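Report on the following structure.
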Amino acid sequence: MEFNIAIFFTTLFMVFIMEMGDKTQLLVMMMASKYRPAQVFWGIAIAALFLNFLAVLLGTVIGGIQIIQDSVRAGASILFIFFGLLSLKDENSDDGKSTALTKKVIPAISLAFFLAEFGDKTQLSTFSFAALYPDNPLSVFLGATLGLMATDCLGLMAGCLIIKCIPKRVIAYVSAALFIVFGLISGWTTLKDHFLLDIRICILTIGSMALVSILAAIGLIATQKCRDI
C-alpha cells in the first residue's frame, strides 16, 4: 500500500475547504457549549475515522445504494431536531457542561456526527478520491480524516470561545432554532427530492414535525423557567 504525499495534501485541502461552514461545524460548536472539549474531540474523531474508512473501503458501492443514503438523511433530520431540543435542557452542573467522561456522551456525539456527515458532500468527495486513486487508499484516508478533523476542531475552538463571551441561554436558544430549522429543511428535501413523495404529504409531515418541535421547545423553556423561580 503506497503513500503519495501529493494525493494526501490534495485530499486534505479539498476536504478542509468543503467542510468549512458546513452544518457539522455548527453541531460541534453547539456540543462544545454543553460538553467538555475532550468529549467532543474524541466523539468527532471516532466518527471521522469510521466515516472515512467506509468511504475509502466501499467507495462508490455504498454511494450507489440510494436508499441507504436517503434513509440516513431522514434519520439525520430527526436527529438535528432532537439535538436542537436537547440544547434547551439545562445540564445542572457547575460550569454548564458534563463533568465526567461517561460512556454515553462520546458514543452519542459520534452517532450525531456520523449521521450528519453520512452522504454529505465531504464524504462524497472522499468517495470520489478513493475511486480516482484506487492504488493509494492510505493517502486518501489520512488526508480526508485530517482535513475533516482540522475543520471541525476549528468549530470546537470557536464553540469554547463563544461560550465565554455569550450567555449560555442565548447560545442554547440560537442553537435550538438553527438545528430545528436544519432538521426541517433536511427532512423536506429528503421527502420531496429523494423519496419523491407527494407535495401534500411532505407539507403535512414537515408541518407536523415543526408543530411538535415548537411545542416541545416551549414546554422545555417553560419547565426551565419554573425551576429557576
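Test V170 against the criterion of being without any contact (Cβ under 8 Å) to a residue 24 or more places away in the chain, part of a helix (DSSP H, G or I) and of a type outside the set (S, T, Y), and give yes or no. In short, yes.
Take the residues in the stretch 102-113 that are surrounded by fewer than 21 Cβ atoms within 10 Å (Cβ to Cβ) and touching a helix residue (DSSP H, G or I) at 6+ places or on another chain (Cβ under 6 Å), then tell me which one is modelled with the lowest pLDDT. Checked the stretch 102-113; the qualifying residue modelled with the lowest pLDDT is V105.
Restricting attention to the stretch 198-205, does a residue exist that is charged (D, E, K, R), in a helix (DSSP H, G or I), more than 22 Å from the chain's Cα centre (by Cα) and closer than 19 Å to L85 by Cβ?
Quick first cut of the stretch 198-205, residues charged (D, E, K, R) only: 198, 200.
Applying the additional criterion that residues be in a helix (DSSP H, G or I) yields 200.
If we keep only those that are more than 22 Å from the chain's Cα centre (by Cα) as well, we get 200.
Checking which are closer than 19 Å to L85 by Cβ leaves us with none.
Looking through the stretch 198-205, none of the residues is charged (D, E, K, R), in a helix (DSSP H, G or I), more than 22 Å from the chain's Cα centre (by Cα) and closer than 19 Å to L85 by Cβ.
Across the stretch 186-229, the number of residues qualifying as under 30 Å from R169 (Cα atoms), surrounded by fewer than 14 Cβ atoms within 10 Å (Cβ to Cβ) and not polar (S, T, N, Q) comes to 13. Candidates in the stretch 118-129 are the residues that are touching a Ser or Thr at 6+ places or on another chain (Cβ under 8 Å) and of a type outside the set (S, T, N, Q); of these, the one that is surrounded by the fewest Cβ atoms within 10 Å (Cβ to Cβ) is D120. Taking the stretch 128-144 as the range and being in contact (Cβ under 8 Å) with a residue 24 or more places away in the chain, over 18 Å from D22 (Cα atoms) and either hydrophobic (A, V, I, L, M, F, W, C) or touching a Cys at 6+ places or on another chain (Cβ under 7 Å) (or both) as the test, the residues that pass are F129, A130, A131, L138, V140, F141, L142.
Would you confirm, using the coordinates I've provided, whether V140 is of a type in the set (A, V, I, L, M), outside any loop (DSSP other than H, G, I, E, B) and surrounded by fewer than 18 Cβ atoms within 10 Å (Cβ to Cβ)?
On the way: of a type in the set (A, V, I, L, M): yes; outside any loop (DSSP other than H, G, I, E, B): yes; surrounded by fewer than 18 Cβ atoms within 10 Å (Cβ to Cβ): no.
So V140 fails the test.
The values are calculated or read from the model by the stated rules, or taken from the named source; none is laboratory data. This structure is a prediction, so every number in the text was calculated from the model and none was measured. All Cβ positions, glycine included, derive from the backbone under ideal geometry; neighbour counts span all protein chains shown.
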